[in-house]
Amino acid sequence: MIRRLISTGSPFEKAAGYSRAVVDGDFCFVAGTTGYDYNTMTMPADVAAQAENCFNTIAAALTEAGFALADTVRATYYVTDRADADAVLEVAGRHFGGIRPAATLLVVAGLLKAEMKVEIEVTARRRG
């Protein structure tokens with residue numbers, strides 16, 4: 001199977017040399033996704049709203065790749081403030097409560113831009 005690249009259309013993807021997602025066989029690897037609303041290129045201040053935007057972007061990339069959020073087998077969450085972890089996990093629970101992928105949450109010193117409070121990456125495997 002040919003490797004397929006998925007893009008949100010953000011000019012940053014090409015400039016930085018990455019894809020929102022890469023499909024390789026029965027797997028889809030979704031890059032670390034921050035809380036931008038790519039329709040408006042804005043970032044909400046609230047971490048829960050950022051996490052919702054992350055999931056919206058991830059779900060759209062998976063759909064474009066021919067996968068569903070339910071195909072997610074691995075998730076990694078990065079938060080810049082441990083006080084935000086519960087809010088991010090609450091959002092994750094709404095999206096992944098019935099799916100329950102293997103997951104890791106890391107508290108990191110920072111992300112690329114100061115307004116970024118959460119970044120989420122996932123791996124999905126096509127069910128067959």
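Could you check segment 17-58 and list, in sequence order, the residues that are among the small types (Gly, Ala, Ser), open to solvent by 50 Å² or more (accessible area, probe 1.4 Å) and farther than 30 Å from Asp86 by Cβ? Step through it out loud before you land on a result.
Just the residues of segment 17-58 that are among the small types (Gly, Ala, Ser), to begin with: 17, 19, 21, 25, 31-32, 35, 45, 48-49, 51.
Cutting the leftovers down to open to solvent by 50 Å² or more (accessible area, probe 1.4 Å) gives us 17, 45.
Once the filter is applied, which keeps residues that are among the small types (Gly, Ala, Ser), open to solvent by 50 Å² or more (accessible area, probe 1.4 Å) and farther than 30 Å from Asp86 by Cβ, segment 17-58 yields only Gly17.
Annotation note: Cβ proximity below 9 Å between a residue of segment 25-44 that is without any contact (Cβ under 8 Å) to a residue 12 or more places away in the chain and a residue that is crowded, with 16+ Cβ neighbours inside 10 Å and of a type in the set (Asp, Glu) (sequence gap 6+ or interchain) occurs for Pro44/Glu52. Select from segment 67-79 the residues that are aromatic (Phe, Trp, Tyr) and within 15 Å of Ala92 (Cβ to Cβ) and write down the one among them that is least open to solvent (accessible area, probe 1.4 Å). For segment 67-79, the residue satisfying everything is Tyr77.
All conditions in (1) of a type in the set (A, V, I, L, M); (2) touching a residue at least 60 places away in the same chain (Cβ under 8 Å); (3) touching a Ser or Thr at 6+ places or on another chain (Cβ under 7 Å); (4) farther than 20 Å from Arg20 by Cα hold for Met116, with the sole exception of (4).
There is at least one residue in segment 6-16 that is over 21 Å from Arg125 (Cβ atoms), open to solvent by 40 Å² or more (accessible area, probe 1.4 Å) and of a type in the set (Val, Ile, Thr).
Given the residues Glu119, Glu64, Glu90, which is the only one that is buried (at least 17 other Cβ atoms within 10 Å of the Cβ) and modelled with pLDDT of 95 or more?
Numbers: Glu64 fails: buried (at least 17 other Cβ atoms within 10 Å of the Cβ); Glu90 fails: buried (at least 17 other Cβ atoms within 10 Å of the Cβ).
So the residue among Glu119, Glu64, Glu90 that is buried (at least 17 other Cβ atoms within 10 Å of the Cβ) and modelled with pLDDT of 95 or more is Glu119.
The values are calculated or read from the model by the stated rules, or taken from the named source; none is laboratory data. Every value quoted in this text rests on a predicted model; they were computed, and no experiment measured them. Neighbour counts run over all protein chains shown; Cβ positions are idealised from the backbone, glycine included. Accessible surface areas use protein heavy atoms only, side chains included; no ligands, DNA or RNA. Shrake-Rupley method; radii C 1.70, N 1.55, O 1.52, S 1.80 Å.
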